[in-house]
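Q: The structure that follows is given in the form of structure tokens.
The values are calculated or read from the model by the stated rules, or taken from the named source; none is laboratory data. Just so we're clear, the structure is a prediction, and the values are computed from it rather than from any experiment. Because the Cβ atoms are built from the backbone with ideal geometry, glycine has one as well, and the counts that use them run over all protein chains shown.
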Amino acid sequence: MPEFAGKPFRPIFDTAINQLGVSNPLVVGDRLDTDVKGAFTAELKSATVMTGIVTNKDLLGARSDERPNFILEDLSGLFEEYPSAQRSTNTSRVGGSEAAIVGDKLLLTTGNPLAIDSIRAATDLVWSSGRPIYGLQVAAELVGSRGTV
């Protein structure tokens, strides 16, 4: 059986860890299917930067093995304190943004839809709800294009 070495397969991550001599790396990337899934496969933490290919829609619909531990606006987010989500049964608040599931609708109830905290709140809520994204009507502002806020 052939062995694969590229992302998202584990050998490339194990090789990098061994060559760099690090013990607790963070995998940073802009793709869920290679960077984040590879980190998950290698049992490492991951951060997605929103400056590349990944979109809000991708994040909301991410499979459990493609969900990053951290969602960053760009690489400068590595030097900022990461906000924690305040969650209740049907809401999640991150910073000044709050997402809610009302019936079968995913809504942004508070905050600027372009703010990074809005997608952080929405993904936290969807991922913790156990409900598949295709079973929810997602508010357009949560999947639209993002810009710097």
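Q: Check segment 109-128 and report whether any residue there is within 24 Å of VAL49 (Cβ to Cβ), surrounded by 13 or more Cβ atoms within 10 Å (Cβ to Cβ) and touching a Pro at 6+ places or on another chain (Cβ under 8 Å).
A: So far as segment 109-128 goes, yes, one or more of its residues are within 24 Å of VAL49 (Cβ to Cβ), surrounded by 13 or more Cβ atoms within 10 Å (Cβ to Cβ) and touching a Pro at 6+ places or on another chain (Cβ under 8 Å).
Q: Is it the case, given these coordinates, that GLY21 is farther than 25 Å from SER129 by Cβ, of a type in the set (Gly, Ala, Ser) and loosely packed, with under 14 Cβ neighbours inside 10 Å?
A: In short, yes.
Q: Out of GLU141, GLU73, GLU66, GLU98, which single residue is farther than 19 Å from THR34 by Cβ, in the same structural domain as PRO8 (by TED's automatic domain parsing) and among the charged types (D, E, K, R)?
A: GLU73
Q: Condition test on VAL143, is it within 30 Å of PHE9 (Cα to Cα), surrounded by 16 or more Cβ atoms within 10 Å (Cβ to Cβ) and at pLDDT below 95?
A: For VAL143, the condition - within 30 Å of PHE9 (Cα to Cα), surrounded by 16 or more Cβ atoms within 10 Å (Cβ to Cβ) and at pLDDT below 95 - is met.
Q: Does VAL36 fit the bill of being in a helix (DSSP H, G or I), within 10 Å of the chain's Cα centre (by Cα) and β-branched (Val, Ile, Thr)?
A: Yes: the conditions hold for VAL36.
Q: For segment 87-146, what are the residues that are among the β-branched types (Val, Ile, Thr) and under 20 Å from GLU66 (Cα atoms)?
A: From segment 87-146, those among the β-branched types (Val, Ile, Thr) are 89, 91, 94, 101-102, 109-110, 116, 119, 123, 126, 133, 138, 143; that's our starting set.
Hits for segment 87-146 are ILE116, ILE119, THR123, VAL126, ILE133, VAL138, VAL143.
Q: How many of the residues making up segment 42-65 are farther than 23 Å from ALA140 by Cβ and either surrounded by 15 or more Cβ atoms within 10 Å (Cβ to Cβ) or touching a strand residue (DSSP E or B) at 6+ places or on another chain (Cβ under 7 Å) (or both)?
A: 6
Q: Would a scan of segment 76-90 turn up a residue that is in a strand (DSSP E or B), surrounded by 21 or more Cβ atoms within 10 Å (Cβ to Cβ) and either among the β-branched types (Val, Ile, Thr) or modelled with pLDDT of 95 or more (or both)?
A: First, the residues of segment 76-90 that are in a strand (DSSP E or B): 86-87.
Going one step further and asking which of them are surrounded by 21 or more Cβ atoms within 10 Å (Cβ to Cβ), we end up with none.
There is no residue in segment 76-90 that is in a strand (DSSP E or B), surrounded by 21 or more Cβ atoms within 10 Å (Cβ to Cβ) and either among the β-branched types (Val, Ile, Thr) or modelled with pLDDT of 95 or more (or both).
Q: With the condition kept exactly as written, say whether any residue in segment 93-108 is surrounded by fewer than 18 Cβ atoms within 10 Å (Cβ to Cβ), under 17 Å from the mean Cα position of the chain (by Cα), of a type in the set (Asp, Glu) and part of a loop (DSSP other than H, G, I, E, B).
A: no
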